[in-house]
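Here's the structure, in structure tokens; my notes come after.
The values are calculated or read from the model by the stated rules, or taken from the named source; none is laboratory data. In this text the structure is predicted, and so the values were computed from the model without any measurement. All Cβ positions, glycine included, derive from the backbone under ideal geometry; neighbour counts span all protein chains shown. Quick note on the areas: whole protein, heavy atoms, side chains included, nothing else; ligands and nucleic acids left out. Shrake-Rupley method; radii C 1.70, N 1.55, O 1.52, S 1.80 Å.
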Amino acid sequence: MSHSTEPKNPKLIVVVAFDRGEDGELFPAFGPADQQSEDRAIRTARALAAKHVGVIAWSRDADPMLGDYGPPNTLYVSGEVPDME
């Protein structure tokens, strides 16, 4: 049996909630807030969804020491959110 001893890349897990300004543009009203787990991010996003125009929770593999980030993976989205780049 082979057990990998290499550490897994950490995940960047974030929740952001948006409101709409007087000019009609979306702006971050909460976050971006780092989360400890994907489950926690989804729970937080669901709780924020009733209070904001839009909310998104996403994760990506990350190695901040190397500046290496994987593609974002949407965990939860509700309402209006800007396009992720």
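The table below lists the values:
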{"quantity": "Test for Leu75: is it over 10 Å from Ile13 (Cα atoms) and either open to solvent by less than 80 Å² (accessible area, probe 1.4 Å) or out of contact with any Asp or Glu (no Cβ under 9 Å at 6 or more places or on another chain) (or both)", "calculated": "no"}
{"quantity": "Residue list for the stretch 18-38, filter: in a loop (DSSP other than H, G, I, E, B), small (Gly, Ala, Ser) and within 11 Å of the chain's Cα centre (by Cα)", "calculated": "Ser37"}
{"quantity": "Residue ID - most open to solvent (accessible area, probe 1.4 Å), chosen from residues in the stretch 1-20 that are out of contact with any Asp or Glu (no Cβ under 9 Å at 6 or more places or on another chain) and modelled with pLDDT of 95 or more", "calculated": "Asp19"}
{"quantity": "Qualifying residue in the stretch 39-53 (condition: assigned to a strand (DSSP E or B) and in contact with a strand residue (DSSP E or B) (Cβ under 6 Å, 6 or more places away or on another chain))", "calculated": "no"}
{"quantity": "Qualifying position, being crowded, with 16+ Cβ neighbours inside 10 Å and farther than 16 Å from Pro10 by Cα, among Ala41, Ala57, Ala47, Ala62", "calculated": "Ala57"}
